[in-house]
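The values are calculated or read from the model by the stated rules, or taken from the named source; none is laboratory data. The model shown is predicted, which means the values in this text are computed figures rather than measured ones. Note that we place each Cβ from the backbone using ideal geometry, even for glycine, and neighbour counts take in every protein chain shown.
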Amino acid sequence: MPKPRKKSPFEVEKYLRTAGVARKIETYGKGQTIFSQGEPCHAVMYLQRGVVKLTVTSSSGKEAVIALLDAGEFFGEGCIAGQPLRSATAIATEPSSVLVIGKQEMIRVLHEEHEFSDRFVSYMLQRNVRVEEDLADQLFNSSEKRLARALLLVARYGKEEQPEKIVAKLSQETLAEMIGTTRSRVSFFMNRFRKLGYIKYNGGLEINSSLLRVVLHD
């Protein structure tokens with residue numbers, strides 16, 4: 001009896017492009033705002049190409065970077081949980097292409113396409129774990145460890161399908177906003193990491209997996 005054929009993995013982007021999902025494609029240039037904090041929240045976004053920075057601004061005007069998103073990630077999903085207004089600002093940090101899926105359409109797809117729903121829920125759970133880890137990182141780790149962890153995360157450390165390299169330029173100001181310190185402190189630690197061989201500049205910022213030693217060191 002022939003063995004059953006192995007089911008091919010579910011491809012989120014291919015499904016979104018071919019399954020009749022009502023969506024539109026928007027393109028953004030470097031530095032262009034996709035949506036702003038406080039705007040009505042009525043669609044979910046899927047980053048098809050590029051990099052997107054999510055920031056939040058306090059009532060006193062202080063801004064913080066809460067995430068850097070790469071191709072294949074969802075954002076703006078708060079609308080399907082009843083969030084009426086955007087809680088963050090999304091900015092393209094390099095030329096980006098975004099699939100925009102309306103709230104009701106996204107809800108319909110989640111109800112009707114179970115495999116897609118499973119993948120989306122899995123992504124949201126991973127996002128929640130990341131948020132908890134980020135909070136613990138801010139509360140208990142030094143700025144040096146926070147910077148090392150941020151660099152490893154942006155370089156997709158631990159994901160075999162992702163190279164351990166930051167292709168897009170990442171400013172020290174952005175890194176400082178991500179980890180809650182000053183640009184001068186980031187510059188100091190970046191120079192230290194470079195001298196130790198943990199990072200190097202070679203047409204972009206390359207991250208050596210040995211940078212993990214900084215995170216693990218007590």
Hey, Y46 at negative phi, in contact with a helix residue (DSSP H, G or I) (Cβ under 8 Å, 6 or more places away or on another chain), modelled with pLDDT under 85 and among the hydroxyl-bearing types (S, T, Y) or not: no
Filtered residue count, region 63-93, keeping only those that are farther than 27 Å from A155 by Cβ and not in a helix (DSSP H, G or I): 5
Test result for I80, modelled with pLDDT of 90 or more and either buried (at least 17 other Cβ atoms within 10 Å of the Cβ) or not assigned by TED's automatic domain parsing to the domain that holds A155 (or both): yes
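Please tell me if S58 is of a type in the set (S, T, N, Q) and closer than 20 Å to R23 by Cα.
no
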Cβ-Cβ under 9 Å pairs, at least 6 apart or on other chains, region 70-83 side at positive phi, far side in a helix (DSSP H, G or I): G72/V12; G72/E13
Test: residue in region 89-104 that is touching a residue at least 40 places away in the same chain (Cβ under 8 Å), farther than 23 Å from E13 by Cα and not assigned by TED's automatic domain parsing to the domain that holds L175: yes
Residues (without any contact (Cβ under 8 Å) to a residue 24 or more places away in the chain and among the charged types (D, E, K, R)) located in region 170-191: E173, R183
Matching residues in region 95-147 - criterion: being hydroxyl-bearing (S, T, Y), at pLDDT 90 or above and over 21 Å from M178 (Cβ atoms): S97
